[in-house]
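A.B. asks: Okay, handing you the structure first.
The values are calculated or read from the model by the stated rules, or taken from the named source; none is laboratory data. Being a predicted model, the structure only gives us computed values, none of them experimental. Positions of Cβ are backbone-derived with ideal geometry, glycine not excepted, and every protein chain shown enters the neighbour counts. Keep in mind that these areas ignore ligands, DNA and RNA; they rest on the heavy atoms of the full protein, side chains included. Shrake-Rupley method; radii C 1.70, N 1.55, O 1.52, S 1.80 Å.
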Amino acid sequence: MNVLLIGSGGREHALAWKLSASPLLTKLYAAPGNPGIAKEAEIVTLDIGDHAAVAAWCKDKRIDLVIVGPEAPLVAGLADDLRVAGIRVFGPSKVAARLEGSKGFTKDLCARFSIPTAAYGRFTDAVEAAAYVRRQGAPIVVKADGLAAGKGVTVAMTVEEAQEAVAACFDGSFGAAGAEVVVEEFLTGEEASFFCLCDGTTALPFGTAQDHKRVGEGDTGPNTGGMGAYSPAPVMTPEMIDRTMREIIEPTMRGMAELGSPFSGVLFAGLMIGADGPKLIEYNVRFGDPECQVLMMRLKDDLLVLLSAAADGQLAHMSARWRDEAALTVVMAANGYPGTPERGGVISGLDQVPEGVEIFHAGTALKDGDIVASGGRVLNVTAVGKTVTEAQARAYSGVDAIDWPQGFCRRDIGFRAVEREKNA
Ligand code: AMP
Ligand code: GLY
């Protein structure tokens, strides 16, 4: 098969790495890719926003499957336009991508199909949103409705903070994404990420993970896209996975079909596991980044077979098998992240990392023969081990082999799981 992979992050490098292991793969192309992905795929220059041009290029290269990594092209309808052109795609349609593209849409779906989630209100008016915040009191959570690059959520500990967040949304801080606001109940419990491959009808459980969103050790400081992750998530026991499938994922699949927008692609549920079971915090319609990196290290089966089956509506008789080991990834970021990252720093030592440690490139570029930092999150140093503790030690031995003075990482990725293992 000829495959085109769309995206340029660590998530796509991990997908490219796993796809490359498939005996079914003839040729892998990637757009826009990065220097890490370039080791697995031929990089092509394509304007991803020009759907007709992407379709024409796919026809010309006889592409058998397009795999879309990030959410933005999905929300923009790339999968629809490729399908209309007769090209197979792994990824949801534009209307199905509303599960990520509109928080209000997802909340209404939950209400209609009795899916457990935080109580909420939807507002297009600042005065009404503010009144709702006052009635409910704090802590309370304020969310811009649309895609806001992970920055549209405020977990407010006081009513004043919530009012400021509401005002910021309606003042245009998040552009069109903030024209509507969701205000919701503050949930308590342990967070976990749960993934399914979906083909419109069937959802196949596809692994669990936990990530660290805050930039600072001990989960402190500003939010980021994710500073590290590990898989599996200990809180996602087989019983909890069963409940999540029954109470959250399956009603979502039925609901989306009933609404005329069946979901295919990756359904990534952000969950809060509380005393009364799993609740949905949010959906994403693509793999997590960096959660994908740890999933790919643990997946035993052929990824290309599974994604093709999802694209063809053939998941009903498929299964996914995982290594028993844990996997852990440490994000190395450029100094300044999540503010303005320092770009251009030369990274060396990438070929010195111990055997078995995989380095996925997230924000790198090639300059005069050197790998340099070109984004906020730059490298994902990833390893497996019998326990999270062992995977963590291996990943940090990889980090220590890398010489990049302008970069940093958290030294405590996986600390809750490590603590759990110590006490077990
Ligand atoms: P989201 O972008 O929706 O994943 O939200 C970002 C983070 O905010 C989540 O990972 C949670 O840590 C937190 N969060 C979102 N919604 C809630 C909620 N209703 N209760 C508590 N924390 C939340
Ligand atoms: N790491 C969180 C995300 O990909 O949304």
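A.B. asks: Given the criteria within 15 Å of ligand 1 (Cβ to nearest atom), more than 22 Å from D145 (Cα to Cα), free of Cβ contacts under 8 Å to residues at least 24 places away in the same chain and β-branched (V, I, T), does T220 qualify?
C.D. replies: Yes; evaluated as a whole, the condition is true for this residue.
A.B. asks: When you check A79 against the structure, is it over 30 Å from K61 (Cβ atoms), part of a helix (DSSP H, G or I), more than 16 Å from ligand 2 (Cβ to nearest atom) and aliphatic (A, V, I, L, M), yes or no? Explain how you work it out, then say what you get.
C.D. replies: On the way: over 30 Å from K61 (Cβ atoms): no; part of a helix (DSSP H, G or I): yes; more than 16 Å from ligand 2 (Cβ to nearest atom): yes; aliphatic (A, V, I, L, M): yes.
The answer is no for A79.
A.B. asks: A follow-up question, please. Pick from segment 146-168 the residues that are over 18 Å from the mean Cα position of the chain (by Cα) and in contact (Cβ under 8 Å) with a residue 40 or more places away in the chain: which of them is farthest from K213 (Cα to Cα)?
C.D. replies: A167
A.B. asks: Looking at segment 254-287, which of its residues are hydrophobic (A, V, I, L, M, F, W, C) and within 15 Å of ligand 1 (Cβ to nearest atom)?
C.D. replies: Once the filter is applied, which keeps residues that are hydrophobic (A, V, I, L, M, F, W, C) and within 15 Å of ligand 1 (Cβ to nearest atom), segment 254-287 yields L267, F268, A269, L271, M272, I273, A275, L280, I281, V285, F287.
A.B. asks: Any idea how many residues of segment 181-195 are open to solvent by less than 40 Å² (accessible area, probe 1.4 Å) and more than 16 Å from ligand 2 (Cβ to nearest atom)?
C.D. replies: Just the residues of segment 181-195 that are open to solvent by less than 40 Å² (accessible area, probe 1.4 Å), to begin with: 181-184, 187, 192-195.
From what is left, the residues that are more than 16 Å from ligand 2 (Cβ to nearest atom) are 181-184, 187.
Going through segment 181-195 one residue at a time, the tally reaches 5.
A.B. asks: Give the residue, chosen from M227, M240, that is open to solvent by less than 50 Å² (accessible area, probe 1.4 Å) and within 14 Å of ligand 1 (Cβ to nearest atom).
C.D. replies: So the residue among M227, M240 that is open to solvent by less than 50 Å² (accessible area, probe 1.4 Å) and within 14 Å of ligand 1 (Cβ to nearest atom) is M227.
A.B. asks: Restricting to segment 82-115, give me the number of residues that are in contact with a helix residue (DSSP H, G or I) (Cβ under 7 Å, 6 or more places away or on another chain), within 19 Å of F268 (Cα to Cα) and in a helix (DSSP H, G or I).
C.D. replies: 7
A.B. asks: Now for a different question. Condition test on G207, is it at pLDDT 95 or above and either away from ligand 2 (no atom under 16 Å from the Cβ) or part of a strand (DSSP E or B) (or both)?
C.D. replies: Considered against the rule, which asks whether it is at pLDDT 95 or above and either away from ligand 2 (no atom under 16 Å from the Cβ) or part of a strand (DSSP E or B) (or both), G207 comes out as yes.
A.B. asks: Just one of G345, G288 is crowded, with 17+ Cβ neighbours inside 10 Å, more than 16 Å from ligand 2 (Cβ to nearest atom) and of a type outside the set (S, T, Y); which is it? Give the derivation first.
C.D. replies: Values: G288 fails: more than 16 Å from ligand 2 (Cβ to nearest atom).
Matching residue, one of G345, G288: G345.
A.B. asks: Let me ask something else about it. Residues of segment 39-76 being assigned to a loop (DSSP other than H, G, I, E, B), of a type outside the set (S, T, N, Q) and closer than 21 Å to T364 by Cα, which ones?
C.D. replies: E40, A41, V44, L46, D47, I48, G69, P70
A.B. asks: Considering V381, V357, V346, which residue is closer than 27 Å to A30 by Cβ and in contact with an Asp or Glu (Cβ under 6 Å, 6 or more places away or on another chain)?
C.D. replies: V346
A.B. asks: Hey, another quick one. Which of the residues belonging to segment 117-137 are assigned to a loop (DSSP other than H, G, I, E, B) and either surrounded by fewer than 17 Cβ atoms within 10 Å (Cβ to Cβ) or modelled with pLDDT under 90 (or both)?
C.D. replies: So in segment 117-137, the residues assigned to a loop (DSSP other than H, G, I, E, B) come out as 118-119, 124-125, 137.
Within segment 117-137, A119, T124, D125, G137 meet the criteria.
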